Amino acid sequence: MIVNQFLVLAALLFSIGIYGVLVRRNAVLVLLSIELMLTAVNINLVAFGQYVQDALLSGQVFALFVITVAAAEVGIGLAIVVLIFRNRSSANVDELDLLKW
Amino acid sequence: MVMLAALLGAPLASPETAHLSDGGVLAQWAWLIPVVPLVLMFGIVFFGKRLPAGGWELAEAAMLFVAVYGVALLIMNASEGITYEGSIEIARIGSYVIEWGWVVDGLSIMMYAVVGVVGLAVFTYAKGYMKGDVRFTWFFAAFTMFAGAMLVLVSSANLIQLIVGWELVGLASYLLIGHYWEDHANNAAATKAFLVNKIADVGLFIGVIIIAVTVGSFRFTDILNAVAEGDSALAQVAFWAGLALFIGAMGKSAQFPFHVWLPDAMAGPTPVSSLMHAATMVTAGVYLVGRMFPLYQTAGFAVDVKAIMIVVGALTLFLTGLIALVQDDIKKVLAYSTLSQLGYMTAAMGAGAYTAGLFHLFTHAFFKGLLFLCAGSVIHAVHSNNMSDMGGLRKLMPWTYRTFLVGSLALAGIFPLAGFWSKDEILASISFDSGHDGGTIATVVLVAAIAGAFVTAFYMARAVYLTFFGEYKGHGHPHESPRVMTYPLIGLGVLSAVAGFANVPGVFTGFTEWLAARPVAMGDHHAEAINFGLAGIGLAVALLGVVAGTRLWKRDAATQQARDTFRIPVLYPLLANKYYIDDLYLKGVVGPIKGPIARFTNWTNTYLIDGFVNAFAAVSVFLSRIVYHGLDQRGIDLAFNAVSSATGEAGDALRYTTSGKIQDYAAALFAGAVLLVVGFLIFT
């Protein structure tokens, strides 16, 4: 099996994710972009898991863990976004500049 | 619990002890004897004032414990003979081991029993005597410490612990002699006792150092085994070591010329005098000589010290006995008689009579404790120490009179009371010694000892007549003391009467065997049968003293004329001034120290030592100025300021990068990750 095609796909997805995180203003879309990056990682894990023919299927199992953690993370993230929106009537990331000196 | 387990450690088996019992549980737990009084002392200090009897009950409980334990051991020792020794290591300095030990053998058991029984009587009595004293609780704390310290001393299995007990006894005696510190004279007496003891202690320390360095151990068993094996290194230094130890013993046991502290120590409350003269403190010196006895007795070791010992003992017993004849203070009469009796004990030790010397210590403890308690009872009633304020108390204080009479007759050595047997045994031992090692010296000492017996009876007769006969000369209305004071008198009176039967040569030699229960042989001589000739002479001389005393003082006491007829021209002033020894010390020792030596020390201190210190300080100040202005202000501070201002400015410049925009931070994060990956790829 050739692993390259999967790696290219994962790299593309990861780059799109980074672009989204850095450029999009809406916090929901930033979270979605983070999910894209995690998906890229999952693809890598499954691809390499299949490639090295691990008897324990470590890569695939690890991907399952990542999916679980990602679900938890996005749940908390969306809850934060909702609260911020209620407070400030806006979910735009560039308006949240409280972390400065 | 670990401590407890260590305390219960296995006994030190010794081949010589095979025929003796190790005492079993009773001996293994004997470490409690010194520990219980010392622990209860702290109980009195911290909780005494809250207790119904002001801490007295704790003190009494301590002495009851010691008395019961001591008598139980004594009975066990009488039936099977105990030698046991336990030790716990406390510290190790090089090859020297510092230990806490407790020795349970004939000698220490005798001392436990004496301290416990006499202590019990005295503590009971002291409750009545000290009633209403402002420092009642404090007194019993110090008093318990006094007894506890003596028990530390007699229970010790090594010389280091002995010194600890020795010094604690000194401290407790200082506190108790100065109990009435409102009066300056009492402070001076306490200081005098402490300082005289301290001078003699130098001897003890030197002796301990010589022995420890030579033998390599502080343990009595090791030292005495070295003597038994004829250790040649120890034999070479034995004379000086033995002499130095004996000088220490002379201080505590108040032998001539260190005797001066004891009469002044009468400044303390009477129960203190009683315990000090009977069981604790002054017996410590005789005990030390008894503990180290084989060192003095074994040929090739410190045998020559015995000649010094017997001469010192004889001088003390005769000279101080005479001073007792001219004292008006009843406690001082008894104090000088104690000195005299201690002289007998020392002379007996010097004659190589281990048993006789310690037997006299044993009987003397009972009748001298009794006599002091009687004197205290009288003083309590008439509020004066002076016999010129007493007289005619026979009818007013019947129990005090009866017990004082028993004590006096026992002290005078009248058959069949305790003093007769022990004094006779000392005379017999000195007589035996004059036929063997002692030679002419011992013969002269024998004469002095017999003359001393006469003097003893003489001054005790005087004390009895002046105190209890004739008309009352003092003020107020004296009455018999309360029962808490008279019962101990009766108890000690019975013991004074019967204690002598503990050792009747040829008939019942219990005491000799009790004392012989030691890991090593003592090598002393004890009489196989009563020496009827010497006993007769001793008794005749004592009776003569009583008769002479009666003739001189009974009529005086009755007519109240010239209370003291003992005013022989040259002798009287000599005795009244105590042979001018105190004046000699004052002019010859204290004077120079207070005068030129103190001035010289002061001058040295002010000009030499202070000058050196001041110069040193000035140089230090000068150097530190240079360091401060040059190095500190210019060099180190510059560096610190540079670092801190650089940090501040860098912070000012960099704070604009914290824009607060999350996406900027995320971009920086990714840029950093990329840089790391690139760097990783390049450098590997």
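The values are calculated or read from the model by the stated rules, or taken from the named source; none is laboratory data. Predicted model only: the values in this text are computed from it and were never measured. Every residue, glycine as well, gets a Cβ built from its backbone with ideal geometry; the counts of neighbours run over all protein chains shown. Ligands, DNA and RNA are excluded from the accessible area calculation, which covers all protein heavy atoms including side chains. Shrake-Rupley method; radii C 1.70, N 1.55, O 1.52, S 1.80 Å.
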Which residues' amide hydrogens lie under 5 Å from the amide hydrogen of B:I98, considering only partners 5 or more residues apart or on another chain, with H built in the peptide plane?
B:I90, B:A91, B:R92, B:I93
Alpha-carbon Debye profile of the stretch B:588-670, log10 I(q)/I(0) at 0.25 Å⁻¹
-1.08
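Could you please state how large a percent of the accessible area of the stretch A:3-91 is carbon and sulfur, counting protein chains only and using a 1.4 Å probe? Could the numbers behind the result be given before it?
Details: 4220 of 5710 Å².
Percent of accessible area from carbon and sulfur atoms in the stretch A:3-91: 74.
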Enter the Cα centre distance for the pair the stretch B:50-90 and the stretch B:131-181, rounded to the nearest angstrom.
16 Å
I need the calculated FRET efficiency for the pair B:A646 and B:W29, taking r as the beta carbon distance and R₀ as 60 Å, to the nearest 0.05.
0.20
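Would you mind calculating the relative contact order of chain B from Cα pairs under 8 angstrom and at least 6 residues apart, reporting the percent as a whole number?
12 percent
Taking 0.36 nm per residue of sequence separation and subtracting the Cα-Cα distance, how much length would be gained by fully extending the chain between B:R599 and B:V674, in nm to one decimal?
Numbers: separation 75, 0.36 × 75 = 27.00 nm, distance 8.77 nm.
18.2 nm is the gain from fully extending B:R599 to B:V674.
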Taking 25 Å as R0, compute the FRET efficiency from the Cβ-Cβ separation of B:T658 and B:F683 and round it to 0.05.
0.25
With eigenvalues of the C-alpha gyration tensor scaled by 5 and rooted, chain B, Å
62, 32, 28
Tell me, how many Å apart are the Cα centres for the stretch B:358-384 and for the stretch A:26-52?
105 Å
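Within the stretch B:132-215, what whole-number % of the accessible surface is contributed by carbon and sulfur, with the 1.4 Å probe and all protein chains included in the calculation? If you can, show how the numbers build up before the last one.
On the way: 2120 of 2740 Å².
It is 77 percent, rounded to a whole number.
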Hey, got the Cα dimensions of the stretch B:353-447 along the principal axes, in Å, largest first?
52, 23, 18
Percent of C-alpha pairs per 10 Å bin, the stretch B:184-323, short to long:
12, 39, 30, 15, 4, 0
Rough spin-label spacing in nm, given labels placed 7 Å along Cα→Cβ, for A:A55 and B:E89:
5.9 nm
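First obtain the Kirkwood hydrodynamic radius of the stretch B:394-522 from its Cα pairs, then insert it into the Stokes-Einstein equation at 10 °C and 1.306 mPa s, and state the resulting D in µm² per second as a whole number. All intermediate terms of the calculation are to be shown ahead of the outcome.
Working: Rh = 17.2 Å.
So the translational diffusion coefficient is about 92 µm²/s.
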For the stretch B:566-620, what are the per-bin percents of Cα-Cα distances with bins 5 Å wide, up to the bin holding the maximum?
5, 17, 12, 11, 9, 9, 8, 7, 6, 5, 4, 3, 2, 1, 0
Based solely on C-alpha atoms, express the radius of gyration and the Dmax of chain A in angstrom.
16.8, 52
To make sure I understand the rule: partners must be aspartates and glutamates, Cα under 20 Å from the Cα of B:K131, and not fewer than 8 residues away in the same chain. Which ones qualify?
B:E57, B:E60, B:E182, B:D183, B:E480
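Between chains A and B, what is the buried accessible area summed over both chains (1.4 Å probe, protein heavy atoms, nearest 100 Å²)?
Details: alone 7290 and 29070 Å², together 35230 Å².
For A against B, buried area totals roughly 1100 Å².
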Compute accessible area for the stretch B:657-681 by itself and then with all protein chains, 1.4 Å probe, and report residues whose area falls by 10 Å² or more.
B:T658, B:S659, B:G660, B:K661, B:I662, B:Q663, B:Y665, B:A666, B:A667, B:F670
Accessible area per residue for chain B in Å², computed with a 1.4 Å probe and the full protein assembly in place, what is it?
42 Å²
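Which pairs break 29 Å Cα to Cα here: B:K395/B:K423; B:K252/B:K554; B:K423/B:K578; B:K332/B:K423; B:K198/B:K423?
Working: B:K395/B:K423 31 Å; B:K252/B:K554 36 Å; B:K423/B:K578 25 Å; B:K332/B:K423 22 Å; B:K198/B:K423 31 Å.
Cα-Cα > 29 Å for B:K395/B:K423; B:K252/B:K554; B:K198/B:K423; rest within.
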What value in Å³ per residue do you get for the convex hull of the alpha-carbon atoms in the protein assembly as shown?
329 Å³
What are the residues of the stretch A:65-101 that lose 40 Å² or more of accessible area, with a 1.4 Å probe, going from their chain alone to all protein chains?
A:V93, A:L99, A:W101
Name the residues of the stretch A:8-29 whose accessible area falls by at least 20 Å² when all protein chains are present instead of the chain alone, probe 1.4 Å?
A:I18, A:V21, A:L22
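B:N77: net charge of surrounding residues, Cβ under 14 Å, Lys/Arg +1, Asp/Glu -1, itself excluded? It would help to have the intermediate numbers written out before the result.
Working: positive: B:R518; negative: B:D22, B:E80, B:D105, B:E513.
Taking every other residue near B:N77 into account, the sum is -3.
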In whole angstrom, how far apart do the alpha carbon centroids of the stretch B:191-213 and the stretch B:401-466 sit?
30 Å
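Please compute the Kirkwood hydrodynamic radius over the stretch B:479-528, one decimal place, Å, based on all pairs of different Cα atoms.
Details: mean 1/r = 0.0735 Å⁻¹.
One over the average 1/r among Cα pairs gives 13.6 Å for the stretch B:479-528.
Just to confirm, what accessible area per residue do you get for the stretch A:3-91 at 1.4 Å probe, in whole Å²? Please list the in-between numbers first.
On the way: 5710 Å² over 89 residues.
Per-residue value: 64 Å².
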Starting from a Cα-only point model with no solvent, please compute log10 I(q)/I(0) by Debye for the stretch B:29-168 at q = 0.14, 0.18, 0.19, 0.21 1/Å.
-0.65, -0.96, -1.03, -1.16
